[in-house]
Amino acid sequence: MDCGHVGLHQAPDVANDCAVKAWKTNRPFFVRYDVAGIDSRLVVGLASSGGGGVSSVKYDSMGWDTHTLRSEAKLLDGDHTLVTPCPSPVRLFAASRGYLSCY
């Protein structure tokens with residue numbers, strides 16, 4: 001289920017509610033949020049293939065530093081997309097900027 005792409009300064013409530021509902025019912029979902037960057041384009045989000053597991057997905061147009069990654073993290077797209085499994089048990093919460101996070 002595509003729960004939406006929340007642009008800068010847009011309210012994330014509908015997208016957050018969609019993602020939480022999908023997660024609670026073990027349905028696959030993804031949701032994306034634009035984040036203000038200093039010198040690059042940033043998009044963060046969550047994705048799940050269903051069954052309760054969720055991954056944090058972060059895109060940075062300048063790429064990610066490969067030296068400080070956690071062992072379970074995966075870099076994709078020429079080191080621009082970082083995928084990290086959320087800790088188990090998964091707990092989703094709204095971060096200070098309003099987008100959903102699992103850390």
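Just so you know, all these numbers are worked out from the coordinates, no wet-lab data involved. Keep in mind that this is a model prediction, so the values were computed, not measured.
Take the chain, connect every pair of alpha-carbon atoms lying under 10 Å apart with a spring to form a Gaussian network, then pick out the residue of 69, 92, 46 with the largest mean-square fluctuation.
Among 69, 92, 46, the largest mean-square fluctuation in the Gaussian network model of the chain belongs to 69.
Using modelled amide H (1.01 Å from N, peptide plane; none on Pro or chain starts), what sits under 5 Å from the amide H of residue 95, excluding residues fewer than 5 places away?
Long-range HN contacts for residue 95: 100, 101.
Which whole-Hz couplings ³J(HN,Hα) result when phi for each residue of region 86-101 is put into the Karplus expression 6.51 cos²θ - 1.76 cosθ + 1.60, θ = phi - 60°, listed in order with x for Gly and Pro?
Residue by residue, region 86-101 yields 6, x, 9, x, 5, 9, 8, 8, 7, 5, 4, 8, x, 7, 6, 9 Hz.
For region 1-88, I need the span (max minus min coordinate) of the C-alpha atoms along each principal axis, in Å, sorted largest to smallest.
Between the extreme Cα coordinates on each principal axis of region 1-88 lie 36, 32, 18 Å.
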